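Asks: Got a structure here, written out as structure tokens. Questions coming.
The values are calculated or read from the model by the stated rules, or taken from the named source; none is laboratory data. Predicted, not measured: the structure shown is a model, and the values here were computed from it. Heads up, the Cβs are rebuilt from the backbone with ideal geometry, glycines too, and the neighbour counts pull from every protein chain shown.
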Amino acid sequence: MEKLLITGKQRLYGEIIISGMKNSALPIIFACLLVPDDCIIKNIPHVSDVENSLEILRSMGVKAEFVDKNTVLINAKYAKNEIAKMELVSKMRASSYLMGTMLSRFGKVDISMPGGCNFGARPLDLHFKGFEKMGAIFTEKSDKIQIKVNKSLKCSKITLDKISVGATINMVLASALTQGETIIENVALEPHVDDLICFLQHCGAEIVRKNNSIVVRGVKRLHGTEYTIMPDTIEALTYLTYLGITGGYLNLKGICPSHLECATDIFLKIGMSINFAQRSILAKVDKQLTGTDVTTSPYPGFPTDLHPQFASLLSFCKGGGSITEMVFPTRFKYVYELQKAGVQIYNRDNIAIINESKPHSAVLDATDLRAGAGLVGVALGAEGESTINNVNYIVRGYENLVEKLSSVGGKIKIIKGEN
Ligand code: UD1
């Protein structure tokens, strides 16, 4: 297992090019199962969840190869309904997208329970209910999911009981080739849902978003295309939390500034200066920021995937603050790790209360992807050298984290650990 060594108290100055969005790349990679031609996907982030998704597709007989560092060619013409690398399915939440794509392509799915970050219950009931509305029959046996349709999926009106990114994406994937009009209501509004829709439109799909509904008119066949993945909003916002902790300035390039507005209002409110340009933002911090209270909610609300990183930032802010978690109410495993670094943080129900603290160096264990990113933040601001174990969680979602932080003045390196 690799570890990160971070020497804190270094101000960050310079330019960071934001990578393609992991949570957009994953559904688009799995969507290629619906396309029997070459799909060239650009701006793919080199992170382990992407590698695992491509490996799952390869193990199904799909051609999936990098043509350059961030471009992948996928051709699923000869895909088989058989996953040789099933162990990878249980590592990632995004492998749930195999349900929508395999049901559509093969009429049958037989997979391990998708895994992913372990920050509380992550049910799939909304996905199953939606598939059942489309005529599928599902059985769940211990850690296995089996879903099948008698003939083919049928179009339907599906109202999601709760806003879910994954269920919205799975319904879109299942209906793109389903004859007739499928209406999906109460859908997630995240920009990466629209990125998937846009990719499928490029492949010939007929999909329209109307406010919080998506209307899919099933087509007979999708064709190959060339597509560029949208920039990673969570990666960009994570670097803003690091800047808030260390001070200095960061020019974040290759981004879509309007997608960051779900959180930039809060960064402005606590005292960060941000200049917005067309494809970049220039953020500056030359004084201690002032804490605040935030509440996570589905997009366009403050993202749950920024919760642990923002908690680290609040511990350095004047007066501290709080985070009320409304999407994953038990996302608090990181709290104990921050306490190890001297952060005065407490969790009650779905709220973290963070007092202004003087974090010190510590040996910390990443418990999931975003919790790990939060620990990087606290280590960047703490006096002395901190160690972060379980780097495998962090590399699931941050491309070249060490290189990017080093290039703007961070003192960070990755070393091999003994365990
Ligand atoms: C996706 C993201 C994850 C992000 C989350 C919310 C990926 C691979 N993961 O996860 O990083 O934190 O969106 O922005 O893109 N729920 C149910 N039943 C279901 C499905 C969800 O009750 O069948 C609940 C969840 O427990 C949670 C809420 O709905 O409370 C939202 O979850 P959802 O949007 O589905 O998250 P994911 O798609 O799993």
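Asks: Test of understanding: among 168, 159, which residue is without any contact (Cβ under 8 Å) to a residue 40 or more places away in the chain and within 16 Å of the ligand (Cβ to nearest atom)?
Replies: 159
Asks: Give me the residue from the range 172-207 that is within 11 Å of the ligand (Cβ to nearest atom) and aliphatic (A, V, I, L, M) and, out of that set, nearest to the chain's Cα centre (by Cα).
Replies: Selected residue: 193.
Asks: Are any residues in the range 392-419 hydrophobic (A, V, I, L, M, F, W, C) and either modelled with pLDDT of 95 or more or in a strand (DSSP E or B) (or both), and if so, which ones?
Replies: 401, 402, 405, 408, 412, 414, 415
Asks: Also: For residue 31, work out the one condition from (1) within 16 Å of the ligand (Cβ to nearest atom); (2) closer than 30 Å to residue 333 by Cα; (3) surrounded by 15 or more Cβ atoms within 10 Å (Cβ to Cβ) it doesn't fulfil.
Replies: Just one mismatch for residue 31, condition (2).
Asks: Next question, about the same structure. Only one of (1) among the charged types (D, E, K, R); (2) within 15 Å of the ligand (Cβ to nearest atom); (3) out of contact with any strand residue (DSSP E or B) (no Cβ under 6 Å at 6 or more places or on another chain) is not met by residue 154, so which one is it?
Replies: (2)
Asks: Would you call residue 282 in a helix (DSSP H, G or I) and touching a strand residue (DSSP E or B) at 6+ places or on another chain (Cβ under 7 Å)?
Replies: In short, no.
Asks: Between a first residue in the range 298-321 that is within 22 Å of residue 259 (Cβ to Cβ) and a second residue that is surrounded by 21 or more Cβ atoms within 10 Å (Cβ to Cβ) and among the hydroxyl-bearing types (Ser, Thr, Tyr), which pairs have beta carbons less than 6 Å apart while being 6 or more apart in sequence or on different chains?
Replies: Here the result reads 302/296; 304/296; 307/296; 308/334; 309/238; 309/241; 310/241; 313/241, each pair linking the range 298-321 to a residue that is surrounded by 21 or more Cβ atoms within 10 Å (Cβ to Cβ) and among the hydroxyl-bearing types (Ser, Thr, Tyr).
Asks: Among the listed residues 53, 24, which satisfies the condition of being within 19 Å of residue 399 (Cβ to Cβ), within 12 Å of the ligand (Cβ to nearest atom), surrounded by 19 or more Cβ atoms within 10 Å (Cβ to Cβ) and free of Cβ contacts under 8 Å to residues at least 60 places away in the same chain?
Replies: Checking each option against the conditions leaves just 53.
Let's see how each residue does on (1) over 19 Å from residue 50 (Cβ atoms); (2) without any contact (Cβ under 8 Å) to a residue 60 or more places away in the chain:
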{"site": "71", "(1), (2)": "no, yes"}
{"site": "77", "(1), (2)": "yes, yes"}
{"site": "80", "(1), (2)": "yes, yes"}
{"site": "94", "(1), (2)": "no, no"}
{"site": "108", "(1), (2)": "yes, yes"}
{"site": "131", "(1), (2)": "yes, yes"}
{"site": "153", "(1), (2)": "yes, yes"}
{"site": "163", "(1), (2)": "yes, no"}
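Asks: From (1) over 23 Å from residue 128 (Cβ atoms); (2) β-branched (Val, Ile, Thr); (3) in a helix (DSSP H, G or I), pick out the condition that doesn't hold for residue 101.
Replies: (1) is the only condition that residue 101 fails.
Asks: Looking at (1) surrounded by 23 or more Cβ atoms within 10 Å (Cβ to Cβ); (2) within 16 Å of the ligand (Cβ to nearest atom), which is the only condition residue 245 fails?
Replies: (2)
Asks: Condition first: in a loop (DSSP other than H, G, I, E, B), among the small types (Gly, Ala, Ser), in contact with a helix residue (DSSP H, G or I) (Cβ under 8 Å, 6 or more places away or on another chain) and in the same structural domain as residue 390 (by TED's automatic domain parsing). Can you find one or more residues in the range 4-18 that meet it?
Replies: yes
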